[in-house]
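Read through the structure below, which is laid out as C-alpha cells, and then see the notes.
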C-alpha cells in the first residue's frame, strides 16, 4: 500500500482533488497546493470490500463498517452508515470503493470511528485478499 502527494499548479482554483489510480495499485492520491505542510493535516484510511459492506480501517488498527452495499443486476449500490448518503449504478468493486471514498470527509470518518463498534478483534474478516483502496482525507 502506497501513498503519494501531488502538487498542482498554483494558478488552478484550489480544492482537494481525489485522483484514483488503476485497481492494481489500490492507491488514491489527494493533491495539495504547493508550499503547504499537509502531512500533519491528513488522515489515512483503507477501505475494504469483502462483500456486503464497505469497511474502513485506520492507521491504529481499528476497523468499522462504513457502508451497506447491494449488488443487483450487475451493479453495486451503497448507503453510508451514519449519514444515509447513497449512490449506485456502479459496475465494478473499484468504482464502488472510489464512489464511497468521494463521499467521505475526515470529520465524518472520525465521528464514525468514535460511534461505531470496533470490529478489528471480531476475527471474522479476512480483508487481506479482498479489494481495498487506500485514501487520505484532509482535516479542516
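Throughout, read-outs are computed from the coordinates displayed, never taken from laboratory work. Note that the structure is predicted; figures quoted are calculated from it, not measured. A quick note on method: Cβ atoms are made from the backbone with ideal geometry, for glycine too, and the neighbour counts reach across all protein chains shown.
Take residue 73 and residue 114, extend 7 Å from each Cα along the Cα→Cβ direction, and tell me the distance between the two endpoints in nm. That separation, rounded to one decimal, is 4.1 nm.
Which of the three applies to the range 89-132, rounded, prolate or oblate, going by the alpha-carbon gyration tensor with a ≥ b ≥ c and a/c under 1.5 meaning rounded?
Cα axes put the range 89-132 in the oblate bin.
Simple spin-label estimate for residue 121 and residue 107 gives 3.1 nm between the two label positions (7 Å along the Cα-to-Cβ direction from each Cα).
Ranked by the mean number of other Cβ atoms within 10 Å per residue, highest first, peptides 69-78, 129-138 order as 129-138, 69-78.
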